[in-house]
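All remarks here apply to the structure that follows.
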Amino acid sequence: MVRVTGPLAFSVVLESFEGSTTVPTRPERREGRLRVAGVRQPLAVAVSLWPGPRTYTGQPLAEIHASGSPPLLRTILSSLLARGARLAEPGEFTLRAFLSGRIDLTQSEAVLGVIDAQTPAQLDAALEQLAGGLASPITGLRDRLADVLAHLEANLDFAEEPDVDLLQAEALASSLDEASTEMNRLAGRLQGRERSENRPRVVLVGPPNAGKSRLFNALLGLDRAIVSPVAGTTRDYLEARALADGLEFDLVDTAGLEAGRTAIETEAQAARGRQAERADLLLDCRSAGSIDQELSTDHVRPTLRVWTKIDLLRPAVRVGDQLTSASTGEGLDELRQAIAATLRARSSESDLPGGTAARCGESLLRAGTALARAAETLRLGLGDELVAIDLRQALDDLGRVVGAVVTDDLLDRIFRRFCIGK
Ligand SMILES: Nc1nc2c(ncn2[C@@H]2O[C@H](COP(=O)(O)OP(=O)(O)OP(=O)(O)O)[C@@H](O)[C@H]2O)c(=O)[nH]1
Ligand SMILES: [Mg+2]
């Protein structure tokens, strides 16, 4: 299939089409033959034609469907090129969709998110963003802010009028505070999603000798980590890609939780702490085989409690506890299911395509700060001019998120990550 878009798309395609060559006014599919240089027989093809502006790019769009073979594709392409078409740049279709106002910048990135999605959860998140999940609250807020700003600026133009009165000021200040909180919340959703790889991280933690490394190996089905009866075997952390219920994630083994006595141990503990902080999910391992396992760690990250070595002793369990034995394999499938279910539940509420996260986090935070400052200025009665400055700043930052304010450099950075034809 070859796609052609642009003001001249129809004439370029229909020029050598043997069949109806009238310019369509509605979407149409036509069967016919295409004359191409270098092929003696005209090719049997189907041509689909969509007049603008209700197309992906906002411009007329044509598709040529032919039987697939690389030399045939090359021939069709070169005859289209000879007739005045040119090859699209990476992401150019989506760029045109953005430039014609069909989609906003967060939706353009969502297209990339859909293409790059590795898991159903990432696909869900990207599709939600494509449907305007991030853009609509921001666009709504920009509209409200623009109204407030217009109001303030009208007041400024009539200098003899008093500043916004006190009651009005308080109402306005609290709605700005609300908006500021909303922006910080959105920025929070973006945080931690900036890693270039979108795989979630699942980190094994727990006391020394709890059986973390052996569980790590068992979940991977490989002997990667060193396992031994000596407490404190694992020093550095180990990381490997794992799969649970169709969901890919990075599994991380860490040093047992204890106070470091030597420099190496202290470093191992620091590394464990850093890994735990970055985790999307912690597997807190306790050995069912030993009695001093009451160690409670109040984890900041979502956690599954995992009993290990249940072949040795059955522990008293609480709801949600996972029972496993790396030695008999018992409970491993259930643990995989639980990992996948937890990651899916979490990511559908917090995941956003990584590209958007990296680009917009800063702007949202800046907008949040500007709005909070504007509210403060209003309350202190420091004058409408100062409030207006902060509102303009916030509008600008929010405009960057949805692409109402863009620079060529930004467009280049986003769209060159696409492949050609998207
Ligand atoms: N019977 C039994 N033994 C286990 C099981 N899992 C681990 N072990 C044993 O428990 C000991 C400690 O296992 P490791 O996996 O090295 O423990 P760890 O938590 O990684 O320990 P550190 O790296 O020192 O923090 C080893 O002797 C393992 O063979 C299990 O499911 N059943
Ligand atoms: Mg270990």
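The values are calculated or read from the model by the stated rules, or taken from the named source; none is laboratory data. This structure is a prediction, so every number in the text was calculated from the model and none was measured. Using ideal geometry, Cβ is built from the backbone for each residue, glycine included, and neighbour counts are taken over all protein chains shown. To get the accessible areas, we keep the full protein, side chains included, count just its heavy atoms, and leave off ligands, DNA and RNA. Shrake-Rupley method; radii C 1.70, N 1.55, O 1.52, S 1.80 Å.
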> How much area per residue is accessible in the chain when the probe is 1.4 Å and only protein heavy atoms are counted (Å²)?
Replying inline: 51 Å²
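Say R0 is 45 Å: what FRET efficiency, to the nearest 0.05, do Q168 and A37 get from their beta-carbon distance? Could the numbers behind the result be given before it?
Details: r = 72 Å, r/R0 = 1.60.
About 0.05, to the nearest 0.05.
First measure r as the distance between the Cβ atoms of S100 and R379, then evaluate 1/(1 + (r/R0)^6) with R0 = 60 Å and state the FRET efficiency to the nearest 0.05. If you can, show how the numbers build up before the last one.
Values: r = 43 Å, r/R0 = 0.71.
Between S100 and R379 the formula returns 0.90.
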>> If you roll a 1.4 angstrom probe over the protein chains with everything in place, what fraction of the accessible area of region 2-87 belongs to carbon and sulfur, to the nearest %?
In response: 56 percent
> Carbon and sulfur: what percent of region 201-350's accessible surface (1.4 Å probe)?
Replying inline: 52 percent
> Given springs between every Cα pair under 10 Å in a Gaussian network model of the chain, which of L149, L204, L312 has the largest fluctuation?
Replying inline: L312
> Quick one: net charge of D245's neighbours, Cβ under 14 Å, K/R +1, D/E -1?
Replying inline: -1
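Counting only helical runs of four or more DSSP H residues, what would the 222 nm mean residue ellipticity of the chain come to if each run contributes -39,500 (n - 2.57) and the total is spread over all its residues?
Numbers: 13 runs with 196 residues, N = 422.
Mean residue ellipticity, 222 nm, calculated: -15000 deg cm²/dmol.
Classify region 1-154: rounded, prolate or oblate, from the alpha-carbon gyration tensor (a ≥ b ≥ c, eigenvalue square roots; a/c under 1.5 rounded; otherwise prolate if a/b is larger than b/c)? Walk me through the numbers before you get to the answer.
On the way: a/c = 3.09, a/b = 2.03, b/c = 1.52.
Here region 1-154 falls in the prolate category.
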>> If the elastic network links every pair of Cα atoms under 10 Å, which of T22, T308, T377 fluctuates the most in the Gaussian network model of the chain?
In response: T22
>> With the cut-off at 1.5 for a/c, could you classify region 201-350 from its C-alpha gyration tensor as rounded, prolate or oblate?
In response: rounded
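Based on alpha-carbon positions alone, could you give the equivalent ellipsoid semi-axes of the chain from the gyration tensor, as √(5λ), descending, whole Å? Each step should come with its number before you reach the end.
Working: eigenvalues 497, 306, 50 Å².
For the chain, the ellipsoid semi-axes come out as 50, 39, 16 Å.
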>> Using only Cα atoms and rounding to the nearest 10 degrees, what angle (0 to 90) does helix 384-402 make with the longest principal axis of the chain?
In response: 90 degrees
>> Counting only other residues whose beta carbon sits under 15 Å from that of P53, what net charge do I get with K and R as +1, D and E as -1?
In response: +4
> Relative contact order for the chain using alpha-carbon pairs under 8 Å, separation at least 6, rounded to a whole percent?
Replying inline: 19 percent
>> Helix 135-157 against the longest principal axis of the chain: what's the angle in degrees, Cα atoms only, rounded to the nearest 10?
In response: 70 degrees
>> Given a 10 angstrom Cα cut-off, can you work out which residue in S69, S48, S16 is the most mobile in a GNM of the chain?
In response: S69
